[in-house]
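Structure first, commentary second.
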Amino acid sequence: MKIAGQVSLSDLPRICPLLCRAAHPEYGETGTRVVEVGGVRFGNGRPVVIGGPCAVETHEQTLNVARAVRRAGADMLRGGAYKPRTSPHDFQGTGLEGLRILSEAREETGLPVVTEAMDTRLVDQVAEYADMIQIGSRNMQNYPLLAEAGRAGKPVLLKRGMAASLVEWLGAAEYIAEQGNLDIVLCERGIKAFAGGEYSRYVLDLNVIPAVRAHSFLPVIVDPSHATGVAAMVGPASRAALEFGSQGLIIEVADPASAQPMCDAAQAISPETLAGIVRFARGRVESFVETERVA
Ligand code: PEP
Ligand code: MN
């Protein structure tokens, strides 16, 4: 029986001719495209660690967290100025003011900034302030938004839809690439599965990491914060993600000196925990280099 719309990984050369490994022998079986964001390089063998608040709330909170993220040794700053919230009655972010705060935080710390664009009408505004445009899980299949992000002239962090297959995820990335922008980093952030919500927010799909790397040459990172929703799980999930070949991490951090975060407080880790994760990530680079030298 034929079913309409059914696709599998073997269809990738047709669906993603720009991004699938099978169509690009120049990358070989394991080569990764290096994506550079304000001097930070994804995919060169050294995991990139991004830290920051869930949302940009105030100037003081964001600057405090940014400084703490810098001190912890991370490479980039995250923080949502525009937030996708389940209820329209919840805090929606600080918008343009938040973008201005982020660029001030970049000035002071030197950390490149990634922040989410949710609306085609605001992509250019986000691109003006950010070093990398984030497309959130809920918008992974918002094709006009993907195309607009692809046209904005900045690298794009494409989160996986919470119920998206690998083919759908790579197909979404192809919409960005089609605009002539191949500076795309993929991000696994947990999927909906039967256990979701009982003991963790989503289910971290570690298995998809080697699959992404097998089927595309784009770098892939992991968001252990949204994947678990539990601060105590973020460290172990980060280490597991790196073991599975993740080329970076994006992590929510709270500054204990600031007020409790307005969103996702239960998954925010301390700067000290982030520093431990950074140390683990750096150790992996050294052992990677060591192995290479021995071989
Ligand atoms: C985020 O990273 O701020 C976020 C909302 O994540 P996701 O789109 O993965 O839910
Ligand atoms: Mn969050």
Exercise. Scan region 233-250 and report the pairs whose first residue is under 25 Å from Glu36 (Cα atoms) and whose second residue is of a type in the set (Asp, Glu), with Cβ atoms within less than 7 Å and a gap of 6+ or a chain change.
Key: Ile250/Asp223
Quiz prompt | In region 105-133, the residues that are open to solvent by less than 10 Å² (accessible area, probe 1.4 Å) and either among the β-branched types (Val, Ile, Thr) or within 16 Å of ligand 2 (Cβ to nearest atom) (or both) | solution = Val113, Val114, Thr115, Ala117, Val123, Val126, Ile133
Exercise. Of the conditions (1) within 16 Å of ligand 2 (Cβ to nearest atom); (2) farther than 17 Å from Ser225 by Cβ; (3) surrounded by fewer than 17 Cβ atoms within 10 Å (Cβ to Cβ), Thr86 clears all except one; give me its number.
Key: (2)
Quiz prompt | region 187-204, subset open to solvent by 10 Å² or more (accessible area, probe 1.4 Å) and touching a Lys or Arg at 6+ places or on another chain (Cβ under 8 Å), residue farthest from Val230 (Cα to Cα) | solution = Ile191
Quiz item: Do any strands (runs of 3 or more DSSP E) lying entirely in region 117-191 carry at least 3 residues that are at pLDDT below 95, and which ones are they?
Solution: none
Quiz item: What are the pairs, 6+ residues apart or on separate chains, where a residue within region 76-105 that is more than 27 Å from Pro47 (Cα to Cα) and without any contact (Cβ under 8 Å) to a residue 12 or more places away in the chain has its Cβ under 7 Å from a residue that is outside any strand (DSSP E or B) and within 13 Å of ligand 1 (Cβ to nearest atom)?
Solution: Gln92/Lys83; Gln92/Arg85
Quiz item: Give me the pairs: first residue in region 214-225 and among the hydroxyl-bearing types (Ser, Thr, Tyr), second residue part of a loop (DSSP other than H, G, I, E, B), beta-carbon distance under 8 Å, and six or more apart or on different chains, which are they?
Solution: Ser216/Cys16; Ser216/Leu19; Ser225/Cys54; Ser225/Asp264; Ser225/Ala268
Exercise. Out of the residues in region 232-258 that are within 16 Å of ligand 2 (Cβ to nearest atom) and either β-branched (Val, Ile, Thr) or over 21 Å from Thr115 (Cα atoms) (or both), state the one that is farthest from the chain's Cα centre (by Cα).
Key: Met233
Quiz item: Here are some residues: Ala55, Ala23, Ala68, Ala4. Which one is more than 16 Å from ligand 2 (Cβ to nearest atom) and under 29 Å from Arg282 (Cβ atoms)?
Solution: Ala68
Exercise. Within region 145-159, track down each residue that is farther than 19 Å from Leu77 by Cβ and charged (D, E, K, R).
Key: Glu148, Arg151
Self-check item: Hits in region 24-64 - residues which are surrounded by 15 or more Cβ atoms within 10 Å (Cβ to Cβ) and of a type in the set (Gly, Ala, Ser)
Solution: Gly38, Gly43, Gly51, Gly52, Ala55
Exercise. Of all residues in region 97-116, count the ones that are in contact with a strand residue (DSSP E or B) (Cβ under 8 Å, 6 or more places away or on another chain) and assigned to a helix (DSSP H, G or I).
Key: 7
Quiz item: Before we move on, is Arg160 closer than 15 Å to Val220 by Cβ and either within 16 Å of ligand 2 (Cβ to nearest atom) or acidic (Asp, Glu) (or both)?
Solution: yes
Quiz item: Restricting attention to region 95-122, which residues are more than 16 Å from Gln134 (Cβ to Cβ) and among the hydroxyl-bearing types (Ser, Thr, Tyr)?
Solution: Thr109
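The values are calculated or read from the model by the stated rules, or taken from the named source; none is laboratory data. The structure presented is a predicted model; accordingly, all values stated were derived computationally and were not measured. For neighbour counting, all protein chains shown are included, and Cβ atoms are generated from backbone atoms with ideal geometry for every residue, glycine included. Side chains included, ligands, DNA and RNA excluded: accessible areas come from the protein's heavy atoms. Shrake-Rupley method; radii C 1.70, N 1.55, O 1.52, S 1.80 Å.
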